[in-house]
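Working notes for the structure below.
The values are calculated or read from the model by the stated rules, or taken from the named source; none is laboratory data. Keep in mind the model is a prediction, meaning the values are calculated, not measured. Heads up, the Cβs are rebuilt from the backbone with ideal geometry, glycines too, and the neighbour counts pull from every protein chain shown.
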Amino acid sequence: METVAKGAAVQTNPYEAALMNFDMASEQLELDPDIRTMIRNPERVLTVDIPVRMDSGRIESFTGHRVQYSTARGPAKGGIRFHPNVTLDEVKALACWMTWKCAIVNIPFGGAKGGVTCNPKKLSNQELEHITRRYTAGILPMIGPEMDIPAPDVYTNSQTMAWIMDTYSMMKGYSVPGVVTGKPLSLGGSQGRNEATGRGVFYTIQSACDFLNIPMKGAKVVVQGFGNAGSVAAHLLDSGASYVIAVSDSSGCIYNKNGLDIPKLILHKTRTGSVLDFPGSEKITVDELFSLQCDIFIPAALENAITGENAHRLDTRIVAEAANGPITPDGDSVLFDKGIFIIPDILCNAGGVTVSYFEWAQDESHIFWDESEVYSRLEKIMKSSFIEVMKIHHDRKVNTRIAANMLGIGRVAEATRLRGLYPQ
Ligand code: NAD
């Protein structure tokens, strides 16, 4: 596998990892080679230059991408990431995973992703707004409620979605709430969208604990990446009598052997911007975090967190991939050899896109649901998708990652076969 250097560390190329899993699942499915050729590559890729007037008065240029991997099963769907390490290959990988993910939970979407290479921590709110609006103008020919519907991802949020919705609506001349999901409630957002990803992670952990006969009460949990997905999953596990003994974010890692007070930690992070210095916790190193004995380890930050180098440290029974692509193929081999149960990302974190689908359906129908309706529909979809993946895992004797890929890729392949090739 080819690797790319990022700073001092050598990183696995996530797009190559995604294609490697695609090839393994396609072999298992004995996919028709023509269909395989039709769905292996992204359908449409756009890179845009984003000139922005900064607060200093000078103009700076940023680079953004939007990748539509597949529209075989419906409009393309996927988040937008703002991060200094965004590359086109990363966006392609994320768009590829979105495609199989939407198919696994059987919602009528294809897959897409977007990203802007920038460091939001060093940008003012006004600069972020300018970047978002100019990026939206750049990708405008590709997006729309029937074409491609963006959503939040790392370092973007409901405010970012509001700016995209407004920019798109201004260009169209009328309000188009269905162009993005993850919007504020007052602009046509859905109840429950903000916590949908973490809640979906929680439902799949419940299913995995049932499947493996692991009691959740008293289970020890470690969360790497205490952001939207990680903090919500931690909160629900904490409320359900599990102990979240350690968490980390980009500023460092904290630990309390008796369990951290998660509601207070969420307030602390909102107030200070970091998990560090949380009263009653001790600071630990990243290596120590990865070595803690626990029952459930949740990588909820970025790709390539668990690699062939550090996977041997993990002392857990379940890894629940809240993040996309947090384990490299080498890391996968080590964990599967150790008998650790992996809930693969394209299943585990599919709660976000599922409630995005609910939001889009509500916007399009102009009828809105209450929170309990959103959560009960989400729980049903997450738990039945888990069972479908486990059935393939069991019947075909493949690991959980290949099983999830087989379910998603199989559905996209079937839609592609039925639609046929235009023009012949
Ligand atoms: P977020 O920006 O809310 O949180 C990311 C967190 O990761 C932050 O707290 C950041 O400090 C932390 N982080 C960054 N680098 C880190 C490092 N090296 N070590 C430890 N922590 C680090 O983002 P999010 O929306 O929670 O997304 C997290 C992951 O979940 C991403 O992989 C994303 O693609 C995936 N995901 C998110 C959603 C969603 O709806 N938000 C849906 C599906 C998947």
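Check the range 367-381 and report whether any residue there is within 22 Å of the chain's Cα centre (by Cα), more than 16 Å from the ligand (Cβ to nearest atom) and under 18 Å from VAL223 (Cβ atoms). Within the range 367-381, none of the residues are within 22 Å of the chain's Cα centre (by Cα), more than 16 Å from the ligand (Cβ to nearest atom) and under 18 Å from VAL223 (Cβ atoms).
Scanning the range 287-311 for residues that are without any contact (Cβ under 8 Å) to a residue 40 or more places away in the chain and within 18 Å of the chain's Cα centre (by Cα) yields one hit, ILE306.
Residue under question is GLY273, and the condition is that it be on the phi > 0 side of the Ramachandran plot and either touching a Leu at 6+ places or on another chain (Cβ under 8 Å) or touching a residue at least 40 places away in the same chain (Cβ under 8 Å) (or both); does it hold? No: the conditions fail for GLY273. Evaluate the following for LYS264: is it over 30 Å from GLN362 (Cα atoms), modelled with pLDDT of 95 or more, in a helix (DSSP H, G or I) and within 11 Å of the ligand (Cβ to nearest atom)? Here the answer is no, as LYS264 does not meet what is asked. Within the range 338-359, restricting attention to residues that are of a type in the set (D, E, K, R) and more than 9 Å from the chain's Cα centre (by Cα), the residue that is nearest to the ligand (Cβ to nearest atom) is GLU359. Within the range 89-108, residues that are in a helix (DSSP H, G or I) reach no partner that is of a type in the set (Asp, Glu) with beta carbons closer than 6 Å at six or more positions or on different chains. In the range 174-197 there is no residue matching the filter, namely being over 28 Å from MET390 (Cα atoms), outside the structural domain of GLY339 (by TED's automatic domain parsing), of a type in the set (A, V, I, L, M) and in contact with a His (Cβ under 6 Å, 6 or more places away or on another chain).
Could you grab me the full set of residues in the range 272-291 that are within 14 Å of the ligand (Cβ to nearest atom) and not small (Gly, Ala, Ser)?
THR272, VAL275, LEU276, PHE278, LYS283, ILE284, THR285, VAL286, ASP287, GLU288, LEU289, PHE290
Looking only at residues of the range 143-163 that are more than 15 Å from the ligand (Cβ to nearest atom) and in a helix (DSSP H, G or I), we find that the one that is farthest from SER365 (Cα to Cα) is TRP163. State whether the residues of the range 251-258 include one that is away from the ligand (no atom under 14 Å from the Cβ), in a helix (DSSP H, G or I), farther than 24 Å from TRP97 by Cα and in the same structural domain as ASP330 (by TED's automatic domain parsing). No; the residues of the range 251-258 include none that is away from the ligand (no atom under 14 Å from the Cβ), in a helix (DSSP H, G or I), farther than 24 Å from TRP97 by Cα and in the same structural domain as ASP330 (by TED's automatic domain parsing). Any idea which residue in the range 168-193 is farthest from the ligand (Cβ to nearest atom), counting only those that are hydroxyl-bearing (Ser, Thr, Tyr) and surrounded by fewer than 19 Cβ atoms within 10 Å (Cβ to Cβ)? For the range 168-193, the residue satisfying everything is TYR174.
Yes/no matrix, rows are residues, columns are (1) touching a residue at least 40 places away in the same chain (Cβ under 8 Å); (2) over 25 Å from GLY182 (Cβ atoms); (3) out of contact with any Phe, Trp or Tyr (no Cβ under 8 Å at 6 or more places or on another chain):
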site: ARG313; (1), (2), (3): no, yes, no
site: ILE342; (1), (2), (3): yes, yes, no
site: HIS366; (1), (2), (3): no, no, yes
site: TRP369; (1), (2), (3): yes, no, no
site: MET390; (1), (2), (3): yes, yes, no
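Within the range 297-337, restricting attention to residues that are of a type in the set (Val, Ile, Thr) and either within 16 Å of the ligand (Cβ to nearest atom) or modelled with pLDDT under 95 (or both), which residue is nearest to ALA229 (Cα to Cα)?
This residue is ILE298.
Could you please find all residues in the range 122-140 being free of Cβ contacts under 8 Å to residues at least 12 places away in the same chain and either part of a helix (DSSP H, G or I) or within 27 Å of PHE358 (Cβ to Cβ) (or both)? Those that are free of Cβ contacts under 8 Å to residues at least 12 places away in the same chain and either part of a helix (DSSP H, G or I) or within 27 Å of PHE358 (Cβ to Cβ) (or both): LYS122, ASN125.
Conditions tested, residue by residue: (1) at pLDDT 95 or above; (2) crowded, with 17+ Cβ neighbours inside 10 Å; (3) out of contact with any strand residue (DSSP E or B) (no Cβ under 6 Å at 6 or more places or on another chain).
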{"position": "GLY198", "(1), (2), (3)": "yes, yes, yes"}
{"position": "CYS209", "(1), (2), (3)": "yes, yes, yes"}
{"position": "ASN213", "(1), (2), (3)": "yes, no, yes"}
{"position": "GLY240", "(1), (2), (3)": "no, no, yes"}
{"position": "ASP249", "(1), (2), (3)": "yes, yes, yes"}
